[in-house]
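First comes the structure, then the notes that go with it.
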Amino acid sequence: MSYFLTGASGFVGRHLLEKLFARKGEIYLLVRKESKKKLQDMLDGIVAPSKRIHLITGDLTEKNLGISKKNIDAMKGKVKHFFHLAAIYDMSASMEDQLAANVDGTKHAVQLAEAIKAGCFHHTSSIAAAGMYPGVFREDMFEEAEGLDHPYFKTKHDSEAIVRKDCNIPFRIYRPAMVLGHSKTGVIDKIDGPYYFFKLIQKMRKIFPQWMPMMGLEGGRLNMVPVDYVVDVMDHIAHQKGLDGGCFHITDSNPKRIGTVLNIFADAANAPQMNMRIDARVFNFVPGAVKQGLMMLSPVRRIRKQLMNDIGIPPGVLKFVNYPTRFDDRETQKALKGSGIKLPKLKKYAFRLWDYWERNLDPDLFVDRSLSGRVAGKRVMVTGASSGIGHAVAMMLAEKGAHLIIVARGLEKLEETAKEAKALGAEVSMYSADLSDEKSALKLVEDVNNDLGGVDILVNNAGRSIRRSIALSYDRFHDFERTMDLNYFGSLRLIMGFLPGMSERKFGQIINISSIGVLTNAPRFSAYVASKAALDAFSRCAAAEYNDLNVAFTTINMPLVRTPMIAPTKMYNNVPTISPEEAALFIKDAIIRRPQRIATKLGVFAQVMHAVMPKSMEVVMNSAFNMFPDSAAAKGDKSAAPKEVSPEQMAFASLMRGVHW
């Protein structure tokens, strides 16, 4: 008993091959001349029985698959099972490419199978052959298919038609559902189907705690089966007697809705569950003409494209959210009776698929995510570079080849930073300036533009914090003025000074070091939080204006960092903080990814809670306000000894790690 396979190097093909290795007989594999080495490497990797395998050079697009007469004569009468698996399994491929591979390829495969007098032609079709049929599609149905507008659906239907109408030898047709990775190994061949949503799940995991309920969409049912189940079924049915002419659905008898599938994978990824789901069919009330008209508007198209890019979903995929077809598989189950072949439950192996995707197929793995790749040779300005976060960021950038532009008021410490950076091999430009002073800040901008031709990345790190309750600030209006002068106006002067050059070059990034206090609305920090909130609001407005000029604005809502700025508040010596070096990693992430905002999960959660339950959060923050008193320095009592932090304060600060109190 011998076998012939097309598409042996494909995902289903190579797993079917492993099943056939356990059976006796010669195995002939179609291969293009230029793909021989690739196929041979694959065979070596799966420890194939080389003595029984013969590589037959040919091409799907040619008559008889382009196989020579000599090879046809050599195989004639020897091949019992001819498996045709080669096809384009790509929803985004063009009609022209899919016609050549799926339709013409099948026609040529049938020609060859007849020429070599194969015992049975096994055609791997797809549930896509049913199109968008509104109801249950049985295994004995074919002509009833509807909604075949999509190239993939149409070519899978047309290729199956060739087998049904033109094949003059016995045949069997297999219609697998959406093929997932291997249920035992987790191996996936490419990003497709539910994997398009993995990036969204990953983003949710990074932003929100796992226990936080989320809102999502509930769509149609996704019929999915793992590749090992597909090949087990094909191998078993192919070798059963009396099934010629049959069509077999390799599907899930009880497919799950999209929302349930996403929650299964979210659970596997330790991400939040979409507990509240909106049925996507509610949007069907919008007339098709209105939808089409909206999509003709350029702003709508841009917004849709950006949204799809952000969550990593190709626009065409959304068309199938309300997929209407269900599949009956009674003939398949009848043929499998007594075989012990059962469909594995998705919940049992979803974690393997997620793990394989995240380790091997996550698109971020194939992007240059190195800091040096972003900053090497770029002019990067860091303000407040003589100590704390600024110093740590300067050292980090110096090691990665940036042209470092460091700014601070104190010249002596700034020179020490410059010396350290140069020792790391960095090109350093040093400027002393008081950013809270308009003349000093404007002179800095003028000097940098004249000396260096501008800035590519601006890190607005210099800032001033004041921890004092409003009740102690009635006669200290200057507290609000001086924080605004540095934190808002100081940063704004630099942004406005360097933006023209960035716009002209169509490249740039503004990174503003804000505070978690803006998200939590921290009491006692009204002056500081207000100044940072003003800068945050400006950045959101500016980001919209400069989006098409490739100038990014990133706000980092930094948690509490152990720097000289918080030193006057002695209580902070005993509460959880992060180091300047840890804070520098936030800036590293900002430069690499260029997001609009970076914040801790706690900060995002606090912002959501303030929006959803403002009064409850007000009570929480008021409790914290009463728990953590004003410092002696805030009261103007320099002689008072700092009080010990109580266990209650320690516990609360640990629970709200990184929040300013």
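Values for this structure:
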{"item": "Using alpha-carbon coordinates, inclination of helix 151-166 to the longest axis of the chain, degrees", "result": "10"}
{"item": "25 Å Cα-Cα reach of residue 78 towards lysines, excluding residues that sit fewer than 8 places from it in its own chain", "result": "19, 24, 33, 36, 51, 63, 69, 70, 107, 117, 165, 241"}
{"item": "Low-density loop positions, trypsin sites (Lys or Arg not before Pro), region 476-570 - DSSP coil, at most 13 other Cβ in 10 Å", "result": "506"}
{"item": "Between 0 and 90°, nearest 10: helix 614-627 axis offset from the chain longest Cα axis", "result": "50"}
{"item": "Cβ-placed point charges (K, R +1; D, E -1), dipole of region 371-655 about Cα centre in debye, nearest 20", "result": "460"}
{"item": "For the chain, with +1 on Lys and Arg beta carbons and -1 on Asp and Glu, the positive-most of 454, 159, 403 along the dipole", "result": "159"}
{"item": "Residue-averaged 222 nm ellipticity for the chain, from DSSP H runs of 4+ at -39500 (n - 2.57), nearest 500", "result": "-12500 deg cm²/dmol"}
{"item": "Cα Rg, Dmax, the chain, angstrom units", "result": "32.2, 104"}
{"item": "In region 188-219, the trypsin sites (Lys or Arg not before Pro) that fall in loop regions by DSSP, at most 11 other Cβ within 10 Å", "result": "190"}
{"item": "Values of log10 I(q)/I(0), in the order q = 0.08, 0.14 Å⁻¹, for region 2-363 under a Debye, Cα-only, solvent-free model", "result": "-0.42, -1.24"}
{"item": "Proximal lysines to residue 443, defined as alpha-carbon separation beneath 30 angstrom and excluding residues fewer than eight positions away on the same chain", "result": "378, 400, 413, 419, 422, 506, 532, 588"}
{"item": "14 Å Cα-Cα reach of residue 345 towards aspartates and glutamates, excluding residues that sit fewer than 8 places from it in its own chain", "result": "228, 252"}
{"item": "Whole-Å semi-axes of the ellipsoid equivalent to region 371-655 (Cα gyration tensor, √5λ, descending)", "result": "32, 21, 18"}
{"item": "Pairs from 439/601; 156/342; 76/337 whose Cα-Cα separation, in the structure shown, is over 28 Å", "result": "439/601; 76/337"}
{"item": "Loop-resident sites, region 119-205, for GluC sites (Glu not before Pro), counting at most 12 other Cβ within 10 Å (DSSP)", "result": "143, 144"}
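Values in this text are rule-based calculations from the coordinates and carry no lab data. In this text, all values refer to a predicted model and were calculated from it rather than measured experimentally. Quick reminder, even Gly has a Cβ in these numbers, built from the backbone with ideal geometry, and neighbours come from all protein chains shown.
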